[in-house]
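What follows is calculated from the coordinates using simple rules that are stated; it is not laboratory data. What you are looking at is a predicted structure, and each value in this text was computed from that prediction instead of being measured. Note that we place each Cβ from the backbone using ideal geometry, even for glycine, and neighbour counts take in every protein chain shown.
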Amino acid sequence: MSIPTPVVAGLSAALATAKPAPPVWTSGIDLSLRGADVRLLDPATFKRAQFVTSGYASLNDALGGGFALGETTTVFAPSSMGKSSMMANMALNMARSGVSVAILSLEMPECDIWKLLTGIAAQVPRLNLRQNKMTTQESQNLATAVSTLSACKLDVIDRRCFQPDPGPCMDVVGNMIRDGVRHRGWQAVFIDYLTKVGPHDDDEVSRVPRLTNWAFDLAQRTGVHIVALAQSNKGAYGRLDAKTKKRTVSLEDVKGVVEAVSDFDNVIGLVRNDWNTGLPQDPVDLTAVTLKARQGPTGYVALQFYKSIGRIIEPTHYSFGGAQTNAPVATATPPPPLPNRMVLHRAQELLREATRPSALSSAGENQPASPLIEQDALAQEPKRSN
């Protein structure tokens, strides 16, 4: 029995227009699961990356525009160098610019982070906040800072938010960040410290690669920028740069596996010349060394650190030196340093003694100076414009 000619013609036409079956990948990877195909002619391929600001123009330039969404950054330094203050300042700058930010503090309790943030915003010394001894002006500044921060999209989370078992492990923290992105619109998440994230079943050398891969994958999948703080080797900060004669830092100074830490998109080291010298300065020059930047060059970023307040500013007389520079470029005469607070207190005491009338009653001579005089004198301290 022969097949009619119209049927044969119909089958030939159907076979000619039919699409070939997609090939089966033996690896189990299905490219159709990607959110969007990236092609050479796709406009999304050349779309400018979205950035969140660090609050420092020179650091933004060093990172190629700021912190790119979907990438990771590690900020490392030894203890007491200013990592937590740097984190608080950048988070505060982001929140003030309208960015939704989260701080995951696995070392400091939530109340201490809020004190650090409000002290920076109000320019109130941390010791005064801790002892609750503030002048009238400082109290007013603190009230204004609290009102401003309450309107910002800033969340602080500490270890108490996690169940004791399993604690802040990678799975739990990852789910929390996904929920924060979905429900709170987080665009930047700070983790202090990354090695505090569990599980802690392996030694640190084995865990660091797992943590960096976890953070890298989580940032890409959620579109959030993750800034992870890391502890570094204390002895590494004794070396001096041959050209700048200042302390320097390198990738080898990071505590843990260097290759794993370098997997971050951006690697920033903090350096202070007065660190561990026995000659503390306040304010002091703080240098952020960009050892790796996915979107920009490497170089030195000069900052100024007011340690008593925790505030880090960008001096107007400094600018980013560009790729592989060895020192910041001075464009103006630096302003005079702010007098040390203790020296200022002693000068005020000597001034009061010098101007005290000679004919005082015996009762008045034995009375100590009123604390209100001290507070009024502190309130009249010259404040440095930023």
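Rounded to the nearest 0.05, what FRET efficiency do residue 161 and residue 295 give with R0 = 30 Å and r taken as the Cβ-Cβ distance? Could you check?
Values: r = 32 Å, r/R0 = 1.08.
That pair, residue 161 with residue 295, gives E of 0.40.
Let me check I've understood the local charge: for residue 178, count other residues with C-beta under 15 angstrom from its C-beta, Lys and Arg +1, Asp and Glu -1. What total comes out?
Taking every other residue near residue 178 into account, the sum is -1.
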Exercise. Given Cα pairs under 8 Å that are at least 6 residues apart, what percent is the relative contact order of the stretch 78-185?
Worked result: 33 percent
For this session: Please give the peptides 112-121, 263-272 ranked by average Cβ packing (other Cβ atoms within 10 Å per residue), highest first, as a rough proxy for protection.
Result: 263-272, 112-121
Problem set entry | Orientation-averaged projected area, Cα convex hull of the stretch 52-98 (nm²) | 3.5 nm²
Seminar exercise, completed: For the stretch 54-109, averaging the sequence separation of alpha carbon pairs under 8 Å that lie six or more residues apart and dividing by its residue count, the contact order in percent is 31 percent
Exercise. Order of 183-189, 242-248, 105-111 by packing, highest average Cβ count within 10 Å first?
Worked result: 183-189, 105-111, 242-248
Problem set entry | Cα gyration tensor shape for the stretch 127-285, rounded if a/c is under 1.5, else prolate or oblate | oblate
Exercise. Extension gain residue 221-residue 182, at 0.36 nm per residue separation less the Cα-Cα distance, in nm?
Worked result: 12.8 nm
Seminar exercise, completed: For residue 233 and residue 200, extending 7 Å from Cα along the Cα-Cβ vector and measuring point to point gives, in nm, a value of 2.4 nm
